[in-house]
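The values are calculated or read from the model by the stated rules, or taken from the named source; none is laboratory data. Note that the structure is predicted; figures quoted are calculated from it, not measured. So basically every Cβ, Gly included, is an ideal-geometry build from the backbone, and we count neighbours across all protein chains shown. The protein model used for the area step is the full one, side chains on, heavy atoms only, and it has no ligands, DNA or RNA in it. Shrake-Rupley method; radii C 1.70, N 1.55, O 1.52, S 1.80 Å.
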Amino acid sequence: MAGGVYTMPDYLQKRFGRQRLRMYIAFLSLLLYIFTKISVDLYSGGIFIQQALQWNLYPSILTLLGITALYTVTGGLAAVIYTDTLQAFVMVIGACILSVLSFSEIGGYKNLELKYMQAYPNETLYYNDSCGLPREDSFHMIRAAKGSDLPWPGFLFGQSAASIWYWATDQVIVQRALASKNLSHGQGGTLLAGFLKILPVFIIVMPGMISRILFPDIVACTSAEVCERECGSTSGCSNLAYPLLVMEVMPKGLRGLMLAVMLSALMSSLTSIFNSGSTIFTMDIWRNLRKFPSDSEMRRLSVKEKKRYELELMIVGRAFMVVLIVISVAWIPVVQNSQGGQLFIYIQEISAYLSPPIAAIFLLAILWHGVNEPGAFWALMAGLFVGLCRMVLDFIFESTECGEDDPRPVWVQNMLFHYMYFALFLFWLTVVVAVVVSLMTEPMPKERIHRLTFWTRFSTEDRLEEEQVDLHDKKGKDDVMNGVNGSDDVIEETALTKEEIEPAKNMVHENDDVEFKETGNWRKFYDWFCGFSTNDDRHLTDEMEKMHEQLTRQKIYQTKRDKRILNVLLVVILGIGVFLYGWFA
């Protein structure tokens with residue numbers, strides 16, 4: 001926010017300079033969207049519609065896409081934010097109702113552990129094997145470090161790397177904070193999301209366990225024949241746990257509400273992904289390929305010229321959404337048969353292979369001014385190479401089914417250790433490569449990192465952009481040749497005081513030399529809905545541009561009252577998280 005960035009790849013370019021980092025992160029983010037977000041959301045949404053309406057899977061997916069595209073393609077981020085806000089209330093209320101009804105089916109929370117540990121499928125009892133038995137540590141969040149599905153060191157430290165990418169550097173999540181009015185609003189929204197994130201334990205995870213209690217033959221099926229008969233997948237039917245609960249436990253009058261809840265949740269996720277994906281492609285890839293004006297140059301253009309560029313970006317962004325959808329639909333069969341049919345495990349594994357290097361570089365960029373562009377780039381390349389090798393091995397040498405001998409070579413079995421441990425290894429490999437290469441190459445100029453690291457976020461000094469650095473170096477050489485000391489031309493900048501903010505706002509929007517034609521209300525609504533500039537945008541002189549940048553920096557300043565409230569809420573939510581983790585440990 002202090003650096004005035006629009007996307008996360010945009011931050012990397014401002015922080016390190018060269019385009020290759022921005023382009024790489026943009027492409028990798030789009031790949032992650034396809035592999036872990038869009039295809040998974042479409043598949044899970046298709047499953048729910050399939051169960052509710054008894055349709056085939058792909059017509060269900062196309063229906064979900066049609067409903068989502070109706071307002072995403074036309075509305076952009078504004079439509080996404082407004083619809084997500086409304087859908088959040090619907091989702092929480094509907095999921096809470098289902099959770100209460102589910103617990104009433106088994107006689108309350110006190111019976112959950114007892115009945116879950118006795119939820120065996122008939123085939124397990126018939127063949128007297130252990131494949132369909134619940135895990136003995138099902139109600140333990142801290143599990144054995146070796147031989148467990150969620151080893152505690154990997155869960156605490158390895159999973160954190162992938163979580164940092166998802167919650168702190170992924171454009172889908174961060175775009176809301178970047179669009180906030182100021183830092184206090186962004187932090188308040190983040191804390192609200194943290195409180196809401198506590199609910200899934202009680203309204204999603206536990207109802208899913210209840211679904212196994214009520215429908216063990218479907219949710220806990222083990223043989224390929226039974227699973228294919230029940231849900232059409234040979235890998236498993238655990239993905240049907242929640243839809244089955246909705247269709248069998250909810251009374252008829254509330255099933256429609258829950259259908260709306262599930263579709264709202266999926267559409268909310270899809271709209272965010274579509275919008276952030278198109279934003280990354282247009283702002284980080286297309287603008288660079290087409291050599292668009294820079295952000296400061298765009299602000300100096302007339303409204304007509306600006307709209308010409310914005311129209312192109314809007315059309316390209318909407319068209320790219322279609323490309324994303326087509327590729328994601330083609331990837332669905334892979335998702336359907338991966339990792340025993342468990343969507344959650346599939347998402348976590350792909351994230352563990354590709355996202356830790358991104359998290360490492362963003363943390364280094366924010367916390368250590370010494371990391372430079374070569375260090376960040378080659379660390380990302382090393383992380384990508386190692387991560388892709390592991391992912392390819394995982395797809396080639398698939399894990400064996402329960403009760404089967406492992407036919408994979410010994411060296412493959414040793415290399416394919418738990419994905420959470422691999423995420424931890426990949427994170428620190430990236431950090432080590434970045435630090436070593438950065439120390440061996442030329443450091444970043446300090447003029448490049450003002451307001452782009454945690455330690456310089458309140459800096460009021462001018463930051464040199466990439467093109468300004470080249471011009472500055474060239475000018476310095478010319479001055480030396482002419483016997484001029486270039487340091488005398490440095491312009492001091494100070495932060496605006498509270499009394500200067502209002503006059504500065506007026507100054508930025510004043511321009512007596514240009515006449516603007518007043519537009520009608522319908523045109524204003526059209527411009528707002530499609531994200532075009534309005535007549536409120538003026539030509540900015542150098543002085544106005546400087547004032548505009550200073551006003552932007554005021555967003556990160558907080559009042560003592562806001563700080564106290566936000567800090568108290570942060571302590572409360574951290575306390576709740578630690579308590580719940582200890583309670584279920």
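So which residues in segment 237-262 are touching an Asp or Glu at 6+ places or on another chain (Cβ under 6 Å) and under 24 Å from T83 (Cβ atoms), if there are any at all? Residues satisfying the conditions do not exist here.
Criterion applied to L31, L12 was being closer than 27 Å to I556 by Cα, within 17 Å of the chain's Cα centre (by Cα) and assigned to a helix (DSSP H, G or I), and the one residue passing it is L12.
Just one of the listed residues (G158, G186, G154) is open to solvent by less than 50 Å² (accessible area, probe 1.4 Å), within 23 Å of D10 (Cβ to Cβ) and not in a loop (DSSP other than H, G, I, E, B), namely G186.
Among the residues of segment 10-22, is there at least one that is open to solvent by 30 Å² or more (accessible area, probe 1.4 Å) and modelled with pLDDT under 80? Yes, segment 10-22 has at least one match.
Does V172 satisfy the condition of being β-branched (V, I, T), in a helix (DSSP H, G or I) and exposed (fewer than 15 other Cβ atoms within 10 Å of the Cβ)? When the stated conditions are applied, V172 does not pass them.
With respect to the conditions (1) open to solvent by 10 Å² or more (accessible area, probe 1.4 Å); (2) at pLDDT 85 or above; (3) part of a helix (DSSP H, G or I), A79 lacks only one, and its number is (2). The requirement of being of a type in the set (G, A, S), modelled with pLDDT of 90 or more and within 23 Å of I358 (Cα to Cα) is satisfied by G194. Taken over segment 355-382, the criterion of being over 19 Å from the mean Cα position of the chain (by Cα) and more than 13 Å from L21 (Cβ to Cβ) is satisfied by L367, W368, H369, G370, A382. Taken across segment 209-219, residues that are in a loop (DSSP other than H, G, I, E, B) and more than 18 Å from L133 (Cα to Cα) do not occur at all. Evaluate segment 244-252: report whether one residue or more is of a type in the set (D, E, K, R) and under 23 Å from the mean Cα position of the chain (by Cα). No, segment 244-252 has no match at all.
Of all residues in segment 416-452, exactly one satisfies the criterion of being touching a Phe, Trp or Tyr at 6+ places or on another chain (Cβ under 9 Å), charged (D, E, K, R) and either modelled with pLDDT of 90 or more or not in a helix (DSSP H, G or I) (or both), namely R451.
If you go through segment 334-373 and keep only what is under 22 Å from F385 (Cβ atoms), among the β-branched types (V, I, T) and modelled with pLDDT of 90 or more, you end up with I358, I361, V371. Considering only segment 397-409, I want to know if a residue exists there that is open to solvent by 10 Å² or more (accessible area, probe 1.4 Å) and part of a helix (DSSP H, G or I). No: zero hits. Annotation: S138 fulfils all but one of (1) more than 17 Å from I204 (Cα to Cα); (2) outside any helix (DSSP H, G or I); the unmet one is (1). Does segment 192-200 contain any residue that is in contact (Cβ under 8 Å) with a residue 60 or more places away in the chain, open to solvent by 60 Å² or more (accessible area, probe 1.4 Å) and part of a helix (DSSP H, G or I)? Yes: one or more hits. Entry remark, segment 286-332: residues being more than 21 Å from the chain's Cα centre (by Cα), open to solvent by less than 70 Å² (accessible area, probe 1.4 Å) and of a type in the set (V, I, T) number 2 in total. Screening L426 with (1) more than 21 Å from the chain's Cα centre (by Cα); (2) open to solvent by less than 60 Å² (accessible area, probe 1.4 Å); (3) not charged (D, E, K, R) gives one miss only, at (1).
Just to be sure before I move on: is W167 free of Cβ contacts under 8 Å to residues at least 24 places away in the same chain, under 21 Å from T430 (Cα atoms) and under 26 Å from the mean Cα position of the chain (by Cα) in the structure I sent?
Answer is yes for this residue.
Of all residues in segment 453-469, those being in a helix (DSSP H, G or I) and open to solvent by 50 Å² or more (accessible area, probe 1.4 Å) number 5. Can we say E373 is surrounded by fewer than 18 Cβ atoms within 10 Å (Cβ to Cβ), farther than 24 Å from A224 by Cα, touching a residue at least 12 places away in the same chain (Cβ under 8 Å) and among the charged types (D, E, K, R)? So E373 does not fit the description; no. Here A2 fulfils each of the conditions (1) at pLDDT below 80; (2) assigned to a helix (DSSP H, G or I); (3) under 21 Å from the mean Cα position of the chain (by Cα) apart from (2).
Of the residues L112, L178, the single one that is open to solvent by 40 Å² or more (accessible area, probe 1.4 Å) and not β-branched (V, I, T) is L178.
Within segment 276-291, residues that are on the phi < 0 side of the Ramachandran plot reach partners that are part of a helix (DSSP H, G or I) and of a type in the set (V, I, T) with beta carbons closer than 6 Å, at six or more positions or on different chains, in the pairs S276/V172; T282/V316; W286/V316.
Can we say Y82 is out of contact with any Ser or Thr (no Cβ under 6 Å at 6 or more places or on another chain) and under 18 Å from S272 (Cβ atoms)? For Y82, the condition - out of contact with any Ser or Thr (no Cβ under 6 Å at 6 or more places or on another chain) and under 18 Å from S272 (Cβ atoms) - is met. Only residues that are surrounded by fewer than 19 Cβ atoms within 10 Å (Cβ to Cβ) and either within 21 Å of M209 (Cβ to Cβ) or in contact (Cβ under 8 Å) with a residue 60 or more places away in the chain (or both) were counted across segment 252-264, and they come to 4.
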